[in-house]
Amino acid sequence: MACTTILIGKDASYDGSTIIARNEDSANGEFNPKRFIVVKPAEQPRHYRSVIGRRDIDLPDDPIQYTAVPNADLKEGIWGEAGVNEANVAMSATETLTSNERVLGADPMVEYAAELGKPGSEGYEPQAAGGIGEEDFLTIVLPYIATAREGVARLGSLLEKYGTYEMNGVAFSDSQEIWWLETVGGHHWIAKRVPDEAYVTMPNQLGIDEFDLEDALGPQEGHMCSSDLGEFIADNHLDLSVESSSPFNPRDAFGSHSDSDHVYNTPRAWYMQRFLNPYDEAWDGPDADHQPWSDDIPWARQPERKVTIEDVKYVLSSHYQGTPYDPYGTLGDEHSRHLLRPIGINRQSQLSVMQIRPYRPQCDRAIQWLAYGSNPFNTLVPFYANVDSTPAYLSDTTTRVTSENYYWENRIIAALCNGSFAQTANAVERYQEKTGGMGHRLVAATDEQVSRLEGHDADLSDRTPKEIIAATRDESVREILAAANQTMADQLKKETDGLLDSVLYTASMAMRNGFNRSDN
């Protein structure tokens, strides 16, 4: 999958929350309709079988409830992608990454191999199960963790045991920490804690550019890794540092360095950091400190101002506005406008922005902001995660095209707006601003309603995970949060119906077969 991730440390966000966000983009030439659901413990499998890897995994018998955004069509597996569990731990899985030949030669991908020949015949080879991947990660990890750090440890142990058939980056967050894990070959992995004061930008490219291996193999204060990573690096001559005193750079050692990165990956990091740090350096022209094709764009950076939910939506919707690379712009020429892969692309499936708010009680601490379809033409709205069900407008997505669910309605709107971008831009912007404002108002009103309930502002920072989970299960609170989610969905549908009506009219009036008598 081709995705884009941004991670916001708690001291870099506008309200002290940890925020992890990712566009889930489908592969070239396909679309994946998405659903927003709650998975209850009774619905969680105890024995899991993956579709792509044909891998059988026994799962623990004590899962906790969580949200997910799976595919509407399960022919290729669940693909849960993004969710928050009852312990208020969020997970985004995954950002597909790139590697290099040295890594893949040393630790090949664990790919499924079909049975070859017949048992007893010469040359017979039995079926070999593949590793785990994006299809599986959320389902086999999120229901079993109580902190972001536990998420890294569980996924890391599964990768070492079963391997993976693809390179992936995975984000975990709780109210205090964000961790980013990257797979390295078939069985190895590294993970780094996002600095509280920084944000991280991740296109489809191995990103961590500095790693403390001593910490990862020791106290693990800010780094974690597979248990034999030191030997793996040394035995396969993967450390490319010229000076022995230089920090280990995983991007150099494990990542890709191809020409295609310069049109597909690095420009996305360049544009996001250009927006969030416009004055720190020169971003444009031949003398720019970093250009779209620069290989040394930092993994983590402190923003020039606190980062908002709207900033996250803007950068993950961007198509290089204000530059010669904007496919809808007037700068540059036809070549430059289609030179780089946009962040807000046509084959976007969903965007989840998961905000864990340390200043709220456990029962309403987690918000999963959602958008479906192509980001330049959709809107991002909030839904509380600690609920027992989700609104039908977002959960009942079908494989059949219909304007009665959020996914397909946004897909239709984007296709109509694409051919009439300038004519529909104002309507889309008004829709985005209005629905975004509605979302913030609804969250504030709902928080206030919850706060009026006695006992729901208690400090549980010293409680056990089980006590924290129990604090999210108050039925009176869940009823309030579910009602808020339904109100958001109802208002969202009304506004989205109105936008569809508007852009359909505008696009229809621009059809080439239009004719008036006055045209003669």
Q: Could you tell me whether MET109 is under 29 Å from ARG341 (Cα atoms), of a type in the set (A, V, I, L, M, F, W, C) and outside any strand (DSSP E or B)?
A: yes
Q. Which of the residues belonging to segment 250-260 are surrounded by 14 or more Cβ atoms within 10 Å (Cβ to Cβ) and either modelled with pLDDT under 95 or assigned to a loop (DSSP other than H, G, I, E, B) (or both)?
A. GLY255, SER256
Q: Can you tell me which residue among ASP107, ASP61 is under 25 Å from GLN220 (Cα atoms), among the acidic types (Asp, Glu) and at pLDDT 95 or above?
A: ASP107
Q: Could you please find all residues in segment 91-121 being under 25 Å from SER175 (Cα atoms) and in contact with a helix residue (DSSP H, G or I) (Cβ under 8 Å, 6 or more places away or on another chain)?
A: MET91, ALA93, THR94
Q. Among the residues of segment 19-46, which ones are under 14 Å from the mean Cα position of the chain (by Cα) and over 25 Å from ASN346 (Cβ atoms)?
A. ILE19
Q.
Please go through segment 51-68 and give me each residue that is out of contact with any helix residue (DSSP H, G or I) (no Cβ under 9 Å at 6 or more places or on another chain) and in a loop (DSSP other than H, G, I, E, B), ordered by number.
A. ARG54, ASP61
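Results for (1) touching a Ser or Thr at 6+ places or on another chain (Cβ under 7 Å); (2) among the hydroxyl-bearing types (Ser, Thr, Tyr); (3) crowded, with 16+ Cβ neighbours inside 10 Å; (4) within 23 Å of ILE145 (Cβ to Cβ), shown as yes or no for each residue.
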residue: ASP61; (1), (2), (3), (4): no, no, no, yes
residue: ILE78; (1), (2), (3), (4): yes, no, yes, yes
residue: VAL84; (1), (2), (3), (4): yes, no, yes, yes
residue: ALA87; (1), (2), (3), (4): no, no, yes, yes
residue: GLU95; (1), (2), (3), (4): yes, no, yes, yes
residue: GLU101; (1), (2), (3), (4): no, no, no, no
residue: PRO108; (1), (2), (3), (4): no, no, no, no
residue: PRO119; (1), (2), (3), (4): no, no, no, no
residue: GLY123; (1), (2), (3), (4): no, no, no, no
Q. When both residues are 6+ apart or on different chains and their Cβ atoms are under 6 Å apart, which pairs have a first residue that lies in segment 455-478 and is surrounded by 15 or more Cβ atoms within 10 Å (Cβ to Cβ), and a second that is charged (D, E, K, R) and modelled with pLDDT under 70?
A. none
Q) Right, VAL401: surrounded by fewer than 20 Cβ atoms within 10 Å (Cβ to Cβ), hydrophobic (A, V, I, L, M, F, W, C) and touching a helix residue (DSSP H, G or I) at 6+ places or on another chain (Cβ under 8 Å) or not? A) yes
Q. Among helices (runs of 4 or more DSSP H) lying entirely in segment 352-469, which contain 3 or more residues that are not assigned by TED's automatic domain parsing to the domain that holds VAL503?
A. 392-395
Q. Out of all the residues in segment 345-365, is one or more of a type in the set (Asp, Glu), modelled with pLDDT of 95 or more and closer than 26 Å to PHE31 by Cβ?
A. no
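The values are calculated or read from the model by the stated rules, or taken from the named source; none is laboratory data. Because the structure is predicted, anything quoted here is derived from the model rather than measured. Counting neighbours? That spans all protein chains shown, and the Cβs are built from the backbone with ideal geometry, glycine included.
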